[in-house]
1. Collect the residues in the range A:45-57 that are closer than 30 Å to B:Arg101 by Cα and either in contact (Cβ under 8 Å) with a residue 12 or more places away in the chain or more than 14 Å from chain B (Cβ to nearest Cβ) (or both), keeping them in residue-number order.
2. Considering each of B:Ala44, B:Ala85, B:Ala10 in turn, give the residue that is of a type in the set (A, V, I, L, M, F, W, C), surrounded by 15 or more Cβ atoms within 10 Å (Cβ to Cβ) and at pLDDT below 95.
3. Say we look at the range B:77-95 and pick out the residues that are within 12 Å of chain A (Cβ to nearest Cβ) and not small (Gly, Ala, Ser); which of these is nearest to the chain's Cα centre (by Cα)?
4. Taking interchain pairs and intrachain pairs at least six residues apart, which have beta carbon atoms under 6 angstrom, with the first residue in the range A:5-21 and farther than 17 Å from B:Trp150 by Cα and more than 12 Å from chain B (Cβ to nearest Cβ) and the second surrounded by fewer than 17 Cβ atoms within 10 Å (Cβ to Cβ) and of a type in the set (A, V, I, L, M)?
5. Does any residue in the range A:58-84 that is closer than 30 Å to B:Gly100 by Cβ and without any contact (Cβ under 8 Å) to a residue 40 or more places away in the chain come within less than 9 Å, Cβ to Cβ, of a residue that is assigned to a loop (DSSP other than H, G, I, E, B) and among the hydroxyl-bearing types (Ser, Thr, Tyr) six or more places away or on a different chain, and which pairs are these?
6. Please specify each residue of the range A:32-84 satisfying the condition of being more than 20 Å from B:Gln74 (Cβ to Cβ) and of a type in the set (S, T, N, Q).
7. Going by the structure shown, is B:Trp139 over 19 Å from the mean Cα position of the chain (by Cα), within 14 Å of another protein chain (Cβ to nearest Cβ) and crowded, with 17+ Cβ neighbours inside 10 Å?
Amino acid sequence: MLHIVFFARVKEQLGCAKLELEWDETLASIDALQEQLCARENGAWREVLSEDNIIRAVNQAVVAGDAVLCDGDEIAFFPPVTGG
Amino acid sequence: MTSSNATHSASGEVVRCQVDIQESDFDIASLQAWLLSGSAGEGAIATFTGYVRVDKGSANFQCMELEHYPGMTQDSIGAIVNKAAERWPIITARVVHRVGRLYPGDQIVWVGVSSAHRGAAFSACEYIMDYLKAEAPLWKKEYSAEGECWVDAKESDSKRADRWAGDSTD
């Protein structure tokens, strides 16, 4: 199972805080996962998840490029941070 | 939510540090007292407090909501503190960041660092705050009479953090 979480503006625009997907070979990388998510809701998620500045994290560590996904991983998508 | 750990500072000493993410307000005097390790080795404590600000021309601002990524927010701030400790001879460090609904004038964030001398304490405190703003997963949403709006990240904040990349520790 892949545990996928969304935060802030991304969560709000998708209308979704988290979802779980069964892991298989077609979801073995974060790029592949993102492409599958983009196809959801007749492509309505693509606009949100295709933002240039979207940040991706695997198991709570930000990843710069593509990254391998394994069964049980937690993947997060969120906008640039604005704390402090 | 609290995470505590001990790491080694640039001087090889064990650093006592703690990161708290909480909805409740914090008391600066007790946080500052926590920084004193009891060894009397601290010659300097540098602290930073951030408050909810109302900019001129934003008279309709009402409040803000701070969202975080449970677990990752503490860990990423803890990692920043550890990097500061590798760079300067810190004795103790503490970070508190509030989440949830906050109003004008409320305290948002507090960073405190102790060291033997002021140079390390000043630099480490600023370094932690700069990287917290650039990297820690926290998001602000502002509420005003006109409605609600997510705050956009500022390029100046990531530039402030970047300038430490080439800096010496002095």
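1. First, the residues of the range A:45-57 that are closer than 30 Å to B:Arg101 by Cα: A:45, A:47-57.
Result: A:Trp45, A:Glu47, A:Val48, A:Leu49, A:Ser50, A:Glu51, A:Asn53, A:Ile54, A:Ile55, A:Arg56, A:Ala57.
2. Numbers: B:Ala44 fails: at pLDDT below 95; B:Ala85 fails: at pLDDT below 95.
Exactly one residue qualifies, and that residue is B:Ala10.
3. Applying the first criterion (within 12 Å of chain A (Cβ to nearest Cβ)) to the range B:77-95 yields B:77-80, B:95.
Restricting the remaining residues to those that are not small (Gly, Ala, Ser) gives B:77, B:80, B:95.
Working: B:Ile77: 8, B:Ile80: 10, B:Val95: 5 Å.
Among those that are within 12 Å of chain A (Cβ to nearest Cβ) and not small (Gly, Ala, Ser), it is B:Val95.
4. A:Glu20/A:Met1
5. These pairs meet every condition: A:Gln60/B:Tyr69.
6. Hits for the range A:32-84 are A:Gln34, A:Gln36, A:Asn42, A:Ser50, A:Asn53.
7. Numbers: over 19 Å from the mean Cα position of the chain (by Cα): no; within 14 Å of another protein chain (Cβ to nearest Cβ): yes; crowded, with 17+ Cβ neighbours inside 10 Å: yes.
No, not satisfied.
Here is a yes/no grid of residues against (1) at the interface with chain A (Cβ under 9 Å from one of its Cβ atoms); (2) part of a helix (DSSP H, G or I); (3) over 11 Å from the mean Cα position of the chain (by Cα); (4) within 24 Å of B:Asn82 (Cα to Cα):
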{"site": "B:Ile108", "(1), (2), (3), (4)": "yes, no, no, yes"}
{"site": "B:Gly112", "(1), (2), (3), (4)": "no, no, no, yes"}
{"site": "B:Cys125", "(1), (2), (3), (4)": "no, yes, no, yes"}
{"site": "B:Ala161", "(1), (2), (3), (4)": "no, yes, yes, yes"}
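The values are calculated or read from the model by the stated rules, or taken from the named source; none is laboratory data. Predicted, not measured: the structure shown is a model, and the values here were computed from it. Positions of Cβ are backbone-derived with ideal geometry, glycine not excepted, and every protein chain shown enters the neighbour counts.
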